[in-house]
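A short write-up of the structure that comes next.
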Amino acid sequence: MSGKQVFKKRLFPILFMLAVTLVFISVTTAIYTFTEEKIKINEKLVQKRAVLSAAGVSYPDDPAEIDTLYHRVVQEITDESGEALYYEVAESEYYSGNAYVIITTGSGLWGDITIAVGVDENVNTLTGIEIIDQNETPGLGGRITESWFTEQFRGKKGPLNSVPEGEATSEQQIQAITGATYSTAALRSIVNATLEDARGRIKS
Amino acid sequence: MEKFKIKRVFSDDIGRNNPVFAQVLGICSTLAVTNVLKNTVVMCVGLIFTTSLSNFTVSLMRNYIPARVRMMVETLIIASYVIIVDIVLKAYFPDISRQLGPYVGLIITNCIIMGRTEAFALSNPPGLSFLDGIASGFGYSYVLLIIAVVREILGSGTIWGIRIVGDWWTNWSIMVMAPGAFFVLALFIWVVKGQISEEGEKK
C-alpha cells in the first residue's frame, strides 16, 4: 500500500470525523452557552411558582412579579452545606399564617416525581402540593399535574388514603385518577413520607 | 426537470411512499406522542426541522464524507440538530418542553431522518434534499396529526385540551395508552393502503 492510499483509507476518515465532531460540538456548545442563563431562570421560575402554589399563595402571571412576591414572602432555610431544607412562606395578604414548603423527589411509575409539599405552621395540615417534574404516562398518570387533582390536597391531613374518583369525603382521603392507580399511589406515598419527615426537618 | 423532481419528492413522501404508512418508519414516536394533539404538533415541528436540515447538511458534505464513516457523520449531524431543538424549547417554550420530557431527545432515533439522509441526501443536491426532508416531515406529520386527533377525542374527549364532547362521554383509557395507537395506526394503514392499491388496479 502506498503512502497516499494509507492516508486516504485510514487517516482521512479519522481526521474527517474529528473535524466534523469539532465543528458540530462547537456550534451546539455555543447555542447552549447562549441560552444557559435563560434555561436556569426558567427552571428557577418553575420552582418558585411551585413553592408559592404549595403554600396556598395565589401568584401573578408575570415572571417579574412572581420574582418580587417570592423574595418578599419566601425564605429559604438551608443546612450547613447550603442545600435547601425547606422554604418558609411568611404570612401575607395572600395567605393567613405561615406555611412551610418542602421540595422532595420520589419514584413514580416511569421515573422520578419531584414535588413541592406545603404544610401549615403546625406541620399537620397540607396547604397544597405542586408537581415540579414527572415522567408519568401522558394523558393518564401525567394528569397528576392537573389542578383538579392537586387542588384536592389542600386542607388534607396525613396519612392519606386514595379512593376512586368522586368518592373522597374525609380529610385523609384523596381521589385517585381513573386509569392511573399506580401514579396516584406513588404520589400519595411521596406526600405521606414527606409529611412524616416534615416535623423533624422543620425546626420552629 | 427540476420541477418534476420536486413534485415527485412531495407526492412520493406524502402519498405512495409515505414514511409512516408505506415504509412503516418512525413508529416509536407515532405510538408515543399521539395521545395528546399539542405534544404531537411540537414533535412534528421538531421532526420537520431536523429532517430538512440534516438532509441539507449531509447533502452539502456528501462528496467529502468517507463512505465507511458516513453513518457516524449522519448521526452526529442529526444529534446536533436535535440538541438544538431541545435547547431552544427549554429556553423559549419551557412549558411545552416540560410536557414533552424525553420525547424531544428521542427524535434522534427516528428512523425517518436517518433513512432520508442515507437514501436521498447522499445522492442528491442540497436544495432538493432539503425539500425532501420537509416533504418526509410533512408525510410523517399529517399521519400523526390524524392519529392524535382520533386518540385525543376517544381517549380524553378533548381536542387541543378543549373539551368537545359532553359529560356523558366515557374516556377510552386504552386510547391514551400505547395499544390505542396500534389500533388507530393499523386502521389508518388498512384504509389508506386499500385506497392506493385500488388506484393502482384502475390504471
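Computed values, structure above
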{"item": "Charge-dipole axis of the stretch A:45-201 as Lys and Arg at +1 and Asp and Glu at -1 on Cβ define it, positive-most pick from A:H71, A:L195, A:Q175", "result": "A:Q175"}
{"item": "Chain A: angle of helix A:63-73 to the longest principal axis, Cα-based, in degrees nearest 10", "result": "50"}
{"item": "Reachable lysines, given that their alpha-carbon falls under 26 Å from the alpha-carbon of B:K90 and they are not under 8 places away in the same chain", "result": "A:K38, A:K40, A:K44, A:K48, B:K38"}
{"item": "Nearest 10 degrees, 0 to 90: helix A:12-54 Cα axis against chain A principal axis", "result": "10"}
{"item": "The protein assembly as shown, helix-only ellipticity at 222 nm - DSSP H runs n ≥ 4, -39,500 (n - 2.57), divided by all residues, nearest 500", "result": "-18000 deg cm²/dmol"}
{"item": "Antiparallel %, DSSP beta bridges [both residues in chain A], to 5", "result": "90"}
{"item": "Length-normalised contact order of chain B in % [C-alpha pairs under 8 Å, at least 6 apart]", "result": "34"}
{"item": "Cβ charges +1 (Lys, Arg) and -1 (Asp, Glu), total dipole of the stretch B:121-203, debye", "result": "40"}
{"item": "Positive-end residue, chain B charge dipole about Cα centroid, Cβ charges, pick of B:F10, B:S173, B:V36", "result": "B:F10"}
{"item": "Eligible aspartates and glutamates near B:K193 by straight Cα distance, threshold 19 Å, same-chain separation 8 or greater", "result": "B:D12, B:D13, B:E201"}
{"item": "Inter-label distance, nm, simple model (7 Å from Cα along the C-beta direction), A:T105/B:Y142", "result": "4.4"}
{"item": "Rg and Dmax [Cα atoms of the stretch B:1-146; Å; Rg one decimal, Dmax integer]", "result": "14.8, 46"}
{"item": "Dimensionless Rg over Rh [the protein assembly as shown; C-alpha; Kirkwood]", "result": "1.07"}
{"item": "Check: the protein assembly as shown dipole with +1 on Lys, Arg Cβ and -1 on Asp, Glu Cβ, in debye", "result": "2480"}
{"item": "Only Lys, Arg (+1) and Asp, Glu (-1) charged, at Cβ; the stretch A:45-201 dipole about Cα centre in debye", "result": "420"}
{"item": "Principal-axis tilt of helix B:70-92 within chain B, Cα atoms, nearest 10 degrees", "result": "50"}
{"item": "Relative contact order (%) - criterion: Cα under 8 Å, at least six apart; region: the stretch B:53-172", "result": "31"}
{"item": "Whole-number Å³ per residue for the convex hull built on Cα positions in the stretch A:45-201", "result": "112"}
{"item": "Percentage relative contact order, the stretch A:95-155, counting C-alpha pairs under 8 Å, at least six apart", "result": "28"}
{"item": "Dipole of the stretch A:66-163, positive direction: furthest Cα of A:A90, A:V117, A:L160, with charges on the beta-carbon", "result": "A:L160"}
{"item": "Partner chain coverage, peptide A:38-50 - average Cβ within 10 angstrom", "result": "2"}
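Any read-out appearing in this document is the output of simple, stated calculations on the displayed coordinates, not a laboratory observation. All figures in this text were calculated on a predicted structure; none of them were measured in a lab. With ideal geometry, Cβ positions are generated from the backbone for all residues, glycine too; neighbour counts draw on all protein chains shown.
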